[in-house]
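The values are calculated or read from the model by the stated rules, or taken from the named source; none is laboratory data. From a predicted model like this one, the values you see are computed outputs, not experimental measurements. Using ideal geometry, Cβ is built from the backbone for each residue, glycine included, and neighbour counts are taken over all protein chains shown.
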Amino acid sequence: MTRAIRIVVGAVWAVGLLVSAVWGQQAHHDRYLLKVSLDPEDRVISGTATVEYTNDSATALSHLYFLLMPNYSREPNPHLAPAVLDSSYWNGFDPAWTKVFSVKTPEGQALEFALERGPDWFQTYSLDETLLRVVLPQPLEPGQRTTVVIEFETRFPYITGADEGFHNGTFTWRFGWSPIPVPATELIDGRYIAPRPYYKFLMPAVLYELELTLPDEYVVAAGGDSQSEAPHPELRGQKIVRVSSEIPRRSLPISISDKFRRYELTEEIPLIVYYRPGHEANARLLATYAHEILEYYQAHFGLFSYKRLVIVEASSDGYFGMTADGFVMLGNSFFFEKDLGVAGMLDRLTEYVLAHEMAHLWWGIGVGADLNAENFLSEAFSEYLSITYFEEKYGEFGPNLIQMERSGLLEKFIQSQLGYLNLRRHLSELPYVLAHKDRFDEAIIKPQQDVRYLNYSAVRLYNKGYLVLRALRGLLGHETMNQILRTAYERWAHRFISVAEFESLVEEISGRDLSKFFNAWLHRDDDPAPYLDYAVTGFETQPLDLPKDAPKDAEKYLVRVFLQRTGSIHMPVTVVAVSELDEEYTYIYESDKPTETWEFRSKRPIKEVRVDPNEVTPDVNRLNNYYPQRTRVITNGDNDLPLDAYLIRMNPLGQTVEIGFLNDYRLIFANGYVGGWLNLGRGTVASAALALPGTDIFGFASLSWRTFAQPNIGYRGVYWVPHEQFMVTIARLLDAPNGPSGPFVPVVFAALDYQRSELLKDLYVLGLSLRQGLDFTQLSLQGITRLRLWPNVYLDVAGDVGLGFNTQGSFRFDLSELSSFQGVKGFPFTDRFRWLSSAEVNFPLQREMGYNLFNLALLSEIDQAVYIIAARTAPTFESWLSTEGAKVEAGLEFRVRGTSIGGLLPFTLVLRIGYPFVGAERSEQNVLISIGVAFE
């Protein structure tokens, strides 16, 4: 495949030079010159932006408008607790801002300007001074161009993330660190802030140039077409970095660090990777992946318009990617953490994420779009390009995401647990299927202000959006789809395309009316959302009464296949019937009607019918796409999660048999045990289990459900958070009233569990547990809250009370939390009544350690806690009310957090040092040191 791509790219390279020249010489693009200096100590970049502005509207303008994006982060989100905001800032909230000091003409004439409240596309706070309005000395007529010089300063906040701030010695900002011009076509009567259904989020493409003065030790990674540097002629220890653009771009992204190393793969399009010390091997690997991806994309989707590609290692951990013009940033886990334990395990995931980010240079960045209401044109199309590339290289069906190519103990374990993963099925289809089941699906095309399920925006735009494009390709064919994407890129590169324009282009090239398809999949906003589910409910084969002299290969059977569609969306789908001799008969089920019978004749009896065997449509239930329904049987305990078959999984080690389908339901059989659960959606689960020891029966049945809150979190759209959790249970279990050594007797009881949580604003969790037996009652109340003392320093206060009336055995309370009392007589102090209160101060000791343990684990941070626990148990309610007999423990806890197995297995190592201050004899008062590990 690669060789073929090389031939195609080579053949069209001369055309590419011509196209590039056209992009650079078409109707004069506005220029944007930045002359700025970086002050690393104050974390500010300041200077001037000389901006050409063309009035591309039909109305004369008296004002120009510019977005000041950093000011959207100037104020903290008042709807979130400061402790929640701490996760984004190292030392508490740290403001970003852009200040404007003056606006002038190139000749030096001062222009009147004002900072105003900007649009609320995505958030409802920190809106003041996000819009710069410049008063022109005379109206700017349609088609005319003017130039203004803006003196400004932008501050990089100290953040924990990778973009729009300073982190780990790196200054990074992709979009909007300088004023962004608002296109004249977005003004209403010359005004930007005006009544309208919603504000589009558009970033116009201009020709950026940068002259950046900064200290010599810093390395600049920038998304320009060319870059050079030279010593500053006047400032000792400073240099000037110059970045220029031949191709218009929507931003000039920068990442600046004194830790960067540089690797360049010299090809027709230079590939430059900026990485941190020790990560050169993966930098080289990424460059080779990028080269292959570029070849494929150019051969299928249009020539790469930029003169070079810069790949940057981000300053924070994680498997993520971000893109700007000619600039791709990947989380630094791709550069070192991915090879922990098992080298190469996540290479294909790395390649896919890089392919997705590079696809934005064709869609979202290359072809621009309204990133508010029509972000589908960015994210879904980038998913389409990247998954199409991935599947052509590694196969469309079967396991293709994690494949171990070397033998070893860890390799075998990873293959058994994750080797089943298929990129499209498990990372695209499955999230959409689960969102549909939980009723969190909605229309793809809508502004964020109208989004009903904000939490599921990624599923809606990335996963469902990709599946819609895959379905479109199924209707039109690969070549037509590629032609559409190439044509769109040629027409709209470095401009803006709308969904309506894309739909018109599809109909123009395909010659088909697809309005119903687009309306159903993109625009219809029913609740619940429209969906599609095909099924084959059965078939019958009837022998025909043929003449005796009929040929041996005559069609001897009449076959009837019964097809069904549920859901309001319908589109043609392929149906395949397979005979006993593996002959295939194909039919197109138009699905206009909910049911249909397909009749045909066959030479041999039919053994199987398959609906949509190539998985072209966004079908929410593939289990019923086959008749007989398929079953996947695993006998060695390996994991699997088929979307189109029942799963029967035998685990020889655990001596269990598991039967189920997706996360819809499970049955588990073991020696003398059967249990299972049924998922009803949106957190409602029914579960039950039976144990059969001897001739008796024990077990439980429970139903749990969840309620959601829709708090105001400062962002447009409706955000859903789990708020209350309920569970009711009836059970008959074995218990030992006289202690763990027995004897054991059956206990029948009913249970009610309730939990209420608020983890965004007030930070508390409350709980209630009730156990009611035939002759006993147990009630427990719990609560915990977090108070912020200083940035990243918290006081956690918790308490619970337990009341037991006539309780025995395991229904009594204990004080097992008092670990330092383990050597004290009577531990764990079991009794019928209990109270416990605790206070713990948590604070960080070390962050971002990056300490490698034999390449098996990576230690990332150490936290310390100082705690005190006071508690007691008592036999009666009256004695429970007294503090006499209370026990007090105090101590320290060190929590070392890290990851293993490619970063997929996070863990916390806990070292606890406790001392029993009150409630133990002096001879029993000893410091207890305990060590434990928890895997998340």
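Given (1) touching a helix residue (DSSP H, G or I) at 6+ places or on another chain (Cβ under 9 Å); (2) modelled with pLDDT of 95 or more, identify the lone condition not met by Asp86.
The single condition Asp86 does not satisfy is (1).
Would you point out which residue out of Ser102, Ser126 is crowded, with 18+ Cβ neighbours inside 10 Å and modelled with pLDDT of 95 or more?
When all the criteria are applied, what remains is Ser126.
Can you tell me which residue within the stretch 689-703, out of those that are more than 14 Å from Ala750 (Cα to Cα) and crowded, with 16+ Cβ neighbours inside 10 Å, is modelled with the lowest pLDDT?
Ala691
How many residues does the stretch 169-183 hold that are touching a strand residue (DSSP E or B) at 6+ places or on another chain (Cβ under 7 Å), surrounded by fewer than 21 Cβ atoms within 10 Å (Cβ to Cβ) and on the phi < 0 side of the Ramachandran plot?
Of the residues in that region, 1 qualify.
Considering only residues that are part of a strand (DSSP E or B) and of a type in the set (Val, Ile, Thr), which ones fall in the stretch 694-751?
Thr707, Val721, Val728, Thr729, Ile730, Val745, Val747, Val748
Take the residues in the stretch 300-314 that are under 24 Å from Ala162 (Cβ atoms) and not aromatic (Phe, Trp, Tyr); name whichever of them is surrounded by the fewest Cβ atoms within 10 Å (Cβ to Cβ).
Arg308
Go through Arg486, Arg495 for me and flag whichever is touching a strand residue (DSSP E or B) at 6+ places or on another chain (Cβ under 8 Å) and among the basic types (Lys, Arg).
Selected residue: Arg495, the only one of Arg486, Arg495 that is touching a strand residue (DSSP E or B) at 6+ places or on another chain (Cβ under 8 Å) and among the basic types (Lys, Arg).
Residues that are within 21 Å of Leu401 (Cα to Cα): list the strands (runs of 3 or more DSSP E) wholly contained in the stretch 607-663 that include at least 2 such residues.
630-634, 645-651
With the stretch 46-163 as the region, which strands (runs of 3 or more DSSP E) entirely inside it contain at least 2 residues that are in contact (Cβ under 8 Å) with a residue 24 or more places away in the chain and in contact with a Phe, Trp or Tyr (Cβ under 8 Å, 6 or more places away or on another chain)?
61-67, 97-104, 131-140, 145-155
Residues checked against (1) buried (at least 20 other Cβ atoms within 10 Å of the Cβ); (2) among the hydrophobic types (A, V, I, L, M, F, W, C); (3) on the phi < 0 side of the Ramachandran plot:
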| residue | (1), (2), (3) |
| --- | --- |
| Gln448 | yes, no, yes |
| Arg452 | no, no, yes |
| Tyr466 | yes, no, yes |
| Leu475 | no, yes, yes |
| Met481 | yes, yes, yes |
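Checking Phe805 against (1) farther than 24 Å from Gly932 by Cα; (2) within 43 Å of the chain's Cα centre (by Cα), only one condition comes out false. Which one?
(2)
Can you report the number of residues in the stretch 745-768 which are within 17 Å of Asp796 (Cβ to Cβ) and small (Gly, Ala, Ser)?
2
Taking Tyr208, is it outside any strand (DSSP E or B) and of a type in the set (Ser, Thr, Tyr)?
The answer is no for Tyr208.
Quick one: Leu202 ticks every box in (1) part of a loop (DSSP other than H, G, I, E, B); (2) over 27 Å from Ala184 (Cα atoms) bar one, so which box is it?
(2)
Does the stretch 606-623 contain at least one residue that is modelled with pLDDT of 95 or more, within 23 Å of Phe413 (Cα to Cα), not aromatic (Phe, Trp, Tyr) and not assigned by TED's automatic domain parsing to the domain that holds Ser579?
no
Can you tell me which residues in the stretch 704-728 are surrounded by 16 or more Cβ atoms within 10 Å (Cβ to Cβ) and without any contact (Cβ under 8 Å) to a residue 12 or more places away in the chain?
none
Can you confirm whether the stretch 337-350 contains a residue that is modelled with pLDDT of 95 or more, out of contact with any helix residue (DSSP H, G or I) (no Cβ under 9 Å at 6 or more places or on another chain) and under 22 Å from Leu856 (Cα atoms)?
no
Name, by its number, the condition in (1) surrounded by fewer than 20 Cβ atoms within 10 Å (Cβ to Cβ); (2) touching a Lys or Arg at 6+ places or on another chain (Cβ under 7 Å) that does not hold for Ala343.
(2)
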